[in-house]
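Asker: Next up is a structure, given as structure tokens.
The values are calculated or read from the model by the stated rules, or taken from the named source; none is laboratory data. These numbers come from a predicted model, not from an experiment. So basically every Cβ, Gly included, is an ideal-geometry build from the backbone, and we count neighbours across all protein chains shown.
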Amino acid sequence: MSATRIITNAWKVRTLPDIFYEEKEREEDSMLQDRPIQRIAHLLNERYEDRPDVFISGEVYVSYDITDGNRRVGPDLFIAFDVNVAGIREGLPNFWTWETGKAPDFVMEVASPSTAENDMGWKRELYRRIGVQEYWRFDPTGGELYGRAIIGERLMNGEYEEYPVERGDDGSARSRSELLDMVFYRDSAGWFDVLDPATGLTIDKRAAAEGRATVAEAELSLEREARVAEQARADAEQARADAAEARVRELEELLRAAEE
């Protein structure tokens, strides 16, 4: 983990001119975006919950011009690595790039009819210009708004270059983020997920725990079945031995009777 920049608390001590800030407004069609944003935000927050130098948010603006705080953008979700998270949360009204020392590393947008054009247009150009390393777009409609269900781009020599997308026969799509070392996935039913590239399984800790519990229960069940089968074999062997012994006694009694 690299050294993080000290937040000067310029907002609190008013070393900059007063800037008017209003709350982010929800778009009227934002319900379409809600589930994918919540799902992916939950998984990424869970993934980095033990990293005090990783700032994740979708509730604040990214302000990128020290001369005009109203020059800002509101991503659906963004991540900044190697930053002073406590200083940002305690000392800034929004994510000020001149205070944090950098732009976000990762930005995610989720399509709605009222936002898709901006996501593919001026927002993409702005993210490229301020140095966002990866820009991802997720389309809940499967491609009606963005043209594709998943689009991931990385900044290469100042320009965005698309990551390849693997499409399944069932209509699913997946693409790997090199920055996060994760796979973004949309299944055939439209459910978005984040997968571990090594296992291909969700990074959802609860699902993983349930999966481990299911495996453990299955293993325990197999052990019980093995014990029952072993006992059955032992009982059958004992029964055969008892039957053989009884037959021997019967033959001996018959032999003695014949001798008499």
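Asker: Tell me whether the range 117-138 contains one or more residues that are over 26 Å from Phe81 (Cα atoms) and buried (at least 16 other Cβ atoms within 10 Å of the Cβ).
Answerer: no
Asker: Which of (1) assigned to a loop (DSSP other than H, G, I, E, B); (2) within 23 Å of the chain's Cα centre (by Cα); (3) under 21 Å from Arg154 (Cβ atoms) is the odd one out, the single condition Lys102 does not satisfy?
Answerer: Unmet for Lys102, out of (1) assigned to a loop (DSSP other than H, G, I, E, B); (2) within 23 Å of the chain's Cα centre (by Cα); (3) under 21 Å from Arg154 (Cβ atoms): (2).
Asker: Looking only at the range 196-208, decide whether some residue is modelled with pLDDT of 95 or more, surrounded by 18 or more Cβ atoms within 10 Å (Cβ to Cβ) and either farther than 29 Å from Ile66 by Cα or basic (Lys, Arg) (or both).
Answerer: no
Asker: How about the range 150-209: which strands (runs of 3 or more DSSP E) wholly inside it have at least 2 residues that are under 12 Å from the mean Cα position of the chain (by Cα) and of a type outside the set (Ser, Thr, Tyr)? Walk me through how you get there before you give the answer.
Answerer: Values: elements: 150-156, 159-162, 173-177, 182-186, 192-195.
Hits in the range 150-209: 182-186, 192-195.
Asker: Counting only residues that are touching a Pro at 6+ places or on another chain (Cβ under 9 Å) and small (Gly, Ala, Ser), which one in the range 75-106 is modelled with the lowest pLDDT?
Answerer: If we take residues in the range 75-106 being touching a Pro at 6+ places or on another chain (Cβ under 9 Å) and small (Gly, Ala, Ser), then Ala86 is modelled with the lowest pLDDT.
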